[in-house]
Amino acid sequence: MEQSYYRVTHPAMNRTCRIVQISDVHFSSLTSTEQNRILSDAIIEQVRALSPHIIALTGDLVSRNPGKTGIADAARLAEGLRTICPVLYTLGNHEMDMPAGRRKKLLRLMQEKGVTLLNNRTIRYGGLSFTGVVFPREMYRGEDGSYRNLPACTPQLMEELAGPCNGHPHILLAHSPMGLDAYRTWGADLVLSGHVHGGIVRIPGVGGILSPERRFFPPYSKGLYRKGHTAMVVSAGIGKLRVGNPAEIVVVEIAG
């Protein structure tokens with residue numbers, strides 16, 4: 001896995017905070033426990049060497065049909081990461097697509113491993129505010145299974161789901177990057193997103209080709225984007241098929 005580094009500044013910061021972001025691992029029963037163990041150990045080893053102050057899991061830790069294997073492997077990864085530093089976790093569309101019983105089991109196991117769930121809630125840690133927003137599944141796919149006419153994220157929806165943006169610097173964990181305009185208006189200083197898998201196929205000089213919504217050339221697929229006072233880092237993630245698009249672990253340093 002490659003490592004991508006970004007630095008974001010904020011005048012209210014009086015020290016540097018190093019955040020490691022992990023997104024879109026997509027543990028499932030389609031890969032063996034041994035394969036998942038090897039992947040988990042590699043992630044934990046790389047993250048430990050980065051000496052983060054906090055780890056952010058930005059959704060799709062498991063696939064929508066993880067089976068018992070995928071859920072157990074996700075919990076094992078969480079347990080290993082928690083030995084390094086605090087771990088924050090917000091859900092993606094695949095977790096929201098899971099049957100309610102399995103999603104409940106996943107969240108229970110994550111809490112047992114010491115992970116802090118940021119599902120439409122805010123915490124204060126190390127002088128930073130962290131909010132995780134979880135969108136309803138219809139934001140990602142219609143009831144008919146299509147990707148047509150999906151509702152857009154709005155500042156009003158952000159307020160309804162996550163409450164007001166109080167406290168700065170404020171870091172938002174939002175699985176999808178497509179709501180950047182709303183995130184900025186809501187007040188986020190830094191957004192950590194994933195979901196797009198780097199565009200699945202990446203072409204030098206062009207970027208990502210396809211989003212999960214079957215849209216060509218998504219505007220936000222991988223890297224650092226800025227709009228007004230808001231910076232957004234989009235991880236290409238770790239799991240799923242990819243071409244010219246290595247799995248990555250993201251390091252973001254926020255400083256004064």
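The values are calculated or read from the model by the stated rules, or taken from the named source; none is laboratory data. Computed from a predicted structure; not experimentally measured. When we count neighbours, we look across all protein chains shown, and the Cβ atoms used for this are built from the backbone with ideal geometry, even at glycine. Surface areas here come from the heavy atoms of the whole protein model, side chains and all, with no ligands, DNA or RNA. Shrake-Rupley method; radii C 1.70, N 1.55, O 1.52, S 1.80 Å.
Given the pairs K68/K113; K113/K240; K113/K222, which are separated by over 23 angstrom at their Cα positions? Too far apart for the 23 Å limit: K113/K240; K113/K222. Histogrammed with a bin width of 5 Å, the alpha carbon distances of the range 1-147 distribute as 2, 9, 18, 22, 20, 14, 9, 5, 2, 0 percent, first bin at zero.
Between the C-alpha center of the range 68-85 and that of the range 167-193 there is a gap of 26 Å.
Summing charges over neighbours of D24, with a neighbour being any other residue whose Cβ is under 9 Å away from its Cβ, gives 0 when K and R count +1 and D and E count -1. So what does log10 I(q)/I(0) come out to for the chain at q = 0.07, 0.08, 0.11 Å⁻¹, using the Debye formula with one equal point on every Cα and no solvent? For the chain at q = 0.07, 0.08, 0.11 Å⁻¹, log10 I(q)/I(0) is -0.21, -0.27, -0.53.
Given Cβ point charges of +1 (Lys, Arg) and -1 (Asp, Glu) and nothing else, what value in debye, to the nearest 20, does the dipole of the range 76-135 about its Cα centre take? About 180 debye. Computed on the Cα trace of the range 156-207, the radius of gyration divided by the Kirkwood hydrodynamic radius gives Rg/Rh = 1.08. Using every pair of separate Cα atoms, the Kirkwood estimate puts the hydrodynamic radius of the range 1-73 at 14.0 angstrom. Based on the Cβ-Cβ distance from E138 to L30, what FRET efficiency comes out when R0 is 30 Å, to the nearest 0.05? Plugging the Cβ-Cβ distance into 1/(1 + (r/R0)^6) gives 0.70. A helix-only calculation puts the chain at -8000 deg cm²/dmol for mean residue ellipticity at 222 nm, using -39500 (n - 2.57) for each DSSP H run of at least four residues, averaged over all residues. Taking trypsin sites (Lys or Arg not before Pro) across the range 6-37, the ones in a DSSP loop with at most 14 further Cβ atoms lying within 10 angstrom of their Cβ are R15.
Taking all protein chains into account, the per residue accessible area for the range 107-256 stands at 42 Å² (1.4 Å probe).
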